[in-house]
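The values are calculated or read from the model by the stated rules, or taken from the named source; none is laboratory data. From a predicted model like this one, the values you see are computed outputs, not experimental measurements. Cβ coordinates were reconstructed from backbone atoms using ideal geometry, including for glycine residues, and neighbour counts include every protein chain displayed. These area figures cover heavy atoms from the full protein model, side chains too; ligands, DNA and RNA do not enter into them. Shrake-Rupley method; radii C 1.70, N 1.55, O 1.52, S 1.80 Å.
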Amino acid sequence: INQLPLTGAGDNGSFTTIDEPGRAAQFTLLRSVHGGYFDVMGIPLTAGRRLMATDTPTAPRVVLVNQLLADVRFAGQALDQRIVFPFAGPEPFTIVGVVGNERFDEADRPLQPVVYFADSQSPSGAQSLV
């Protein structure tokens, strides 16, 4: 992962949803992870699929979101939603999975929405091993 949990550090940004033109952008934390990250950290997959070896730079762009984001932005129906980030160009990312929530800030702070990019598609300059 590019930013370890409970460090309070990391990138953030906003996305818009392709199928909801005119809807306000959604602010979220942004993380780049290897597909095995969730197993190592004990974070359950709650819908869809995990990141896979086939999620390469030439494959369609995919992301996972945490349960909080799925509930807040998509009323629990996040799978197959197509989202666009201003910093990533016009090609959308498809939400292929929803994972349990984890804390990136201190334990007494509220949970935040998180989008997880496949590091094989969106590599980060620095990664931490867990």
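Note that the chain presents 50 Å² accessible area per residue, ligands and nucleic acids not counted, probe 1.4 Å.
If you put +1 on each Lys and Arg Cβ and -1 on each Asp and Glu Cβ, how big is the dipole of the chain around its Cα centre, in Debye rounded to 20?
Values: 9 positive and 13 negative charges, 27 e Å.
Dipole size: approximately 120 debye.
Computed with a 1.4 Å probe over protein heavy atoms only, the accessible area of Met41 comes to about 80 Å².
Find how much the distance from Arg49 to Asp80 grows on full extension, using 0.36 nm per residue of separation minus their present alpha carbon separation; answer in nm with one decimal. Before the final figure, lay out each step's value.
On the way: separation 31, 0.36 × 31 = 11.16 nm, distance 1.10 nm.
In short, 10.1 nm is gained.
Per residue of the chain, the DSSP helices (runs of n ≥ 4 H) give a summed -39500 (n - 2.57) that works out to -2500 deg cm²/dmol at 222 nm.
Give me the percent of the accessible area of the chain that comes from carbon and sulfur atoms, probe 1.4 Å, all protein chains in place. Display every interim value, and only then the final one.
Details: 3680 of 6530 Å².
Looking at the chain in its full context, I get 56 percent from C and S.
Relative contact order for region 17-130: 39 percent, from Cα pairs under 8 Å spaced at least 6 residues apart, divided by residue count.
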